[in-house]
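For reference, the structure is listed below as structure tokens.
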Amino acid sequence: AKTRRASYPLVRSFKMAAVGPQAANCFGDLTVTVLKAKVTVDVETLGKQDPYVKIWLNTQDKDEAQKTKTHENGGKNPEWNQEFKMPKLEGNERTLEIEMWDDDIGLDDKICFASIDLRSLVLQDPNPKWHQLFRTSGLLKKTKPVG
């Protein structure tokens, strides 16, 4: 199977790169590089937030997510530049799931999330792309952009 690269960001952005197959149904190897984020949300009450990112495919359990290192005091503009080899694509994967969290003592706080269509990742040119992330708010679980 061919390996391709693409880049995608944590929004307004999250910037990330992904390399993988180009097809309506994706098969083969997928490598994702989580580069950096620019967000307007700060969930930390004292000091700067310490963001990290979790990524997984829609066919995986969330507990199988891969995680970046924590960017201590990364605030609203964290950078990771970490590459992850995803499980081999078998054709039934549709989205790359992304969540950005604030690393805290005790419970971590979710900052934002996104579901990115795999076809949009690998069918575009392989240069890094910015992707919009969203934040869930309120009892009705409405989503709004964080960038």
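For region 78-103, name all the residues that are of a type in the set (A, V, I, L, M, F, W, C), touching a Pro at 6+ places or on another chain (Cβ under 8 Å) and over 12 Å from LEU30 (Cβ atoms).
MET100, TRP101
Can you tell which of LEU121, LEU139 is at pLDDT below 90 and either in a loop (DSSP other than H, G, I, E, B) or touching a Cys at 6+ places or on another chain (Cβ under 7 Å) (or both)?
After applying the criteria, what remains is LEU139.
For the structure I just gave you, tell me whether THR70 is in contact with a Pro (Cβ under 9 Å, 6 or more places away or on another chain), open to solvent by 60 Å² or more (accessible area, probe 1.4 Å), touching a residue at least 24 places away in the same chain (Cβ under 8 Å) and part of a loop (DSSP other than H, G, I, E, B). Quick ask: steps written out before the conclusion?
Details: in contact with a Pro (Cβ under 9 Å, 6 or more places away or on another chain): yes; open to solvent by 60 Å² or more (accessible area, probe 1.4 Å): no; touching a residue at least 24 places away in the same chain (Cβ under 8 Å): yes; part of a loop (DSSP other than H, G, I, E, B): yes.
No.
What are the residues in region 79-102 that are open to solvent by 50 Å² or more (accessible area, probe 1.4 Å) and outside any strand (DSSP E or B), if any?
PRO87, LYS88, ASN92, ARG94
Based on what the data block shows, is GLY75 more than 18 Å from GLY28 (Cβ to Cβ) and in contact with a Lys or Arg (Cβ under 6 Å, 6 or more places away or on another chain)?
Details: more than 18 Å from GLY28 (Cβ to Cβ): yes; in contact with a Lys or Arg (Cβ under 6 Å, 6 or more places away or on another chain): yes.
Yes; evaluated as a whole, the condition is true for this residue.
Go through region 23-38 and give me each residue that's part of a loop (DSSP other than H, G, I, E, B) and at pLDDT below 85.
Listed by number, the residues that qualify are ALA23, ALA24, ASN25, CYS26.
State whether one or more residues within region 88-108 are touching a helix residue (DSSP H, G or I) at 6+ places or on another chain (Cβ under 7 Å), in contact (Cβ under 8 Å) with a residue 40 or more places away in the chain and either within 17 Å of PHE134 (Cα to Cα) or of a type in the set (A, V, I, L, M) (or both).
yes
Just to verify a result, which residue in region 1-22, among those that are touching a Lys or Arg at 6+ places or on another chain (Cβ under 7 Å), within 24 Å of GLU72 (Cβ to Cβ) and at pLDDT 55 or above, is most open to solvent (accessible area, probe 1.4 Å)?
LYS15
The values are calculated or read from the model by the stated rules, or taken from the named source; none is laboratory data. Here the structure is a predicted model, which means the values were calculated and not measured. Note that each Cβ is placed from the backbone with ideal geometry, even for glycine, and that neighbours are counted across all protein chains shown. The accessibility values were calculated without ligands, DNA or RNA, using every heavy atom of the protein model including side chains. Shrake-Rupley method; radii C 1.70, N 1.55, O 1.52, S 1.80 Å.
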